[in-house]
Amino acid sequence: MRYVIYIFMLLLMISCRHRSQSPSVLNKTASVTLPGDLPENPLMLHAITSAIYPKDSITTVLYGNDIAYAHAARKTDGSYPAGTVLYEVAWKQQADEQWFGANVPQLIKQIERVEVVSGDTTCYTLFQGDIPRKAEHQKDDAQRTAFILGRKMLVSP
Amino acid sequence: MKKTRLILALLGTGIIAIQFCGPEKPESVPAHHLTGLPDEVNNIIRNSCFDCHSSQTTLRWYDKLSPINQLVYSHIQKGRQALDFSKWDSLTPATRTGILYYSLNKILEGEMPLPSYTTVHPAKSLSNEDIQTLKQFLMTKTLRDAAAHTPNNKAHQQRSGFADSTTTIFQSRVLPAPNGIEYIPDYRNWKVISITDRFDNGTMRIIYGNEIAVKAILECKTNPWPDGSIFAKAAWKQQTNADGSITAGDFVQVEFMIKDAHKYATTAGWGWARWRGPSLKPYGDKAIFTAACISCHTPQRDNDYVFTHPFTFKH
């Protein structure tokens, strides 16, 4: 009989155990955890638009600072004002473990930064690596800059 | 000793007696094959799901014994209510694909077929091969390509303008969701906590977190999420371009989860709401629409009903 009471009390304790904080499930590998050469964390800025490149399993988000975001919301001709900073962040995708039918970001493949210094002057920087480091400038800097500046804001009501 | 025998005898008579006044057996009408699905897929669903999710129910003799039948029949009744494959022919292709992806995910989570049922009917559980067959079939059924071939949908003209005056006007007239939750217009200014490429239904999604949610992420206190945390998930149609890249087409919907453990205690601690289309029409007829949200989010209950594994923002 005593055992029954013990077991009963044990069960009671287990069932009444307060549900405390469980460990967070954060997607660390897909985040900027170490700044490297980046002047700021692009993921903290405003999302302007997004794209997917299925052939390479890449997904991107174009982020902008306040100036860029305010401008993109109003105008779509790519004529960003001085002070604009844009980041095109590209992730390698992975299958979503929580949902068969979705891909989610796995890790950052590269980050491109475009700064509008003045009317016509822009500055393009490419960051690569686990710890984002400035990478060799590519031949197609100008083309990439034009592409990034030309991306339109996602439309939502 | 005599006492035990008496109790057993009484119990036996009781069990026999209730066989005559048990619940009514659910009707069984033959359900035909699901149109558009290959035989191997049809057979899996017929074998493992039809008992509770179609008009055709094959009961074993032991299923019909009282009091077990109380449970069995209620499963069948609730199962048919939640999902009835007999109605397959009346569904649109997109809805069918949605149901199949949803079903596969319920299977992968171990929620379906009901474990209580497969313990008694082991032959009804799915083998790894069955699951592989379903996965392979579904990969050919993604709506990504369907979206690609929609001849010039409105996206192109729509994409060239954001928040023009017409859209801002009707923001102030957005009706609340049937459960009383008001629309939250400024989610686009929140931080992006993740993005998903939903090739199952041909949408791309951005998941935003409000300030409280982002603070919780920074402090690694996301399970449970603190009261006041809000997620917004916005979805756009995938638009495949000539070079194979995918950009956002028409706006599909925005959904919210608002955390308040007390206020929303009856709906898993979250307030659920969805607004569809460019006119932001509140989704759902009655407040009970949230049952479907919770039902699909339930496999994540150990993660406070949240699917998304957010980015960290430490710097």
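The values are calculated or read from the model by the stated rules, or taken from the named source; none is laboratory data. Keep in mind the model is a prediction, meaning the values are calculated, not measured. In this analysis, Cβ positions are derived from the backbone assuming ideal geometry, glycine residues included, and neighbour counts consider all displayed protein chains.
Here are the numbers for the structure shown:
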read-out	value
Hits in region B:294-315 - residues which are crowded, with 18+ Cβ neighbours inside 10 Å and part of a loop (DSSP other than H, G, I, E, B)	B:304, B:305, B:306, B:307, B:308, B:309, B:310, B:311, B:312, B:313
The lone exception for residue A:36 - which of (1) surrounded by fewer than 20 Cβ atoms within 10 Å (Cβ to Cβ); (2) within 7 Å of chain B (Cβ to nearest Cβ) it fails	(2)
Of all residues making up region B:1-36, the number that are farther than 29 Å from residue B:137 by Cβ, modelled with pLDDT of 70 or more, exposed (fewer than 12 other Cβ atoms within 10 Å of the Cβ) and under 37 Å from the mean Cα position of the chain (by Cα)	2
Tabulated pairs, region B:22-49, first over 20 Å from residue B:123 (Cβ atoms), second surrounded by 14 or more Cβ atoms within 10 Å (Cβ to Cβ) and β-branched (Val, Ile, Thr), C-beta under 7 angstrom, 6+ apart or interchain	B:26/B:57; B:26/B:76; B:34/B:45
Region A:79-106, residues that are within 11 Å of another protein chain (Cβ to nearest Cβ) and either in a loop (DSSP other than H, G, I, E, B) or among the hydroxyl-bearing types (Ser, Thr, Tyr) (or both)	A:96, A:97, A:98, A:99, A:100, A:101, A:102
Scope region B:204-222; condition part of a loop (DSSP other than H, G, I, E, B) and either more than 16 Å from residue A:28 (Cα to Cα) or β-branched (Val, Ile, Thr) (or both); matching residues	B:210, B:222
Considering residues of region B:272-301 that are within 19 Å of residue A:100 (Cβ to Cβ) and in contact (Cβ under 8 Å) with a residue 40 or more places away in the chain only, the residue farthest from the other protein chains (Cβ to nearest Cβ)	B:295
Sole exception among (1) in contact (Cβ under 8 Å) with a residue 60 or more places away in the chain; (2) surrounded by 15 or more Cβ atoms within 10 Å (Cβ to Cβ); (3) not aromatic (Phe, Trp, Tyr) for residue B:82, by number	(2)
Check on residue B:77, over 25 Å from residue B:294 (Cβ atoms), in a helix (DSSP H, G or I) and modelled with pLDDT of 90 or more	no
Extreme residue, surrounded by the fewest Cβ atoms within 10 Å (Cβ to Cβ), among residues of region A:134-157 that are touching a residue at least 60 places away in the same chain (Cβ under 8 Å) and within 14 Å of another protein chain (Cβ to nearest Cβ)	A:150
Pick from region B:172-203, criterion surrounded by fewer than 16 Cβ atoms within 10 Å (Cβ to Cβ) and assigned to a loop (DSSP other than H, G, I, E, B), ranking: farthest from the other protein chains (Cβ to nearest Cβ)	B:180
Residue among B:115, B:67 that is modelled with pLDDT under 90 and away from chain A (no Cβ under 14 Å)	B:67
Residue A:76 being within 11 Å of chain B (Cβ to nearest Cβ), among the β-branched types (Val, Ile, Thr) and more than 17 Å from the chain's Cα centre (by Cα)	yes
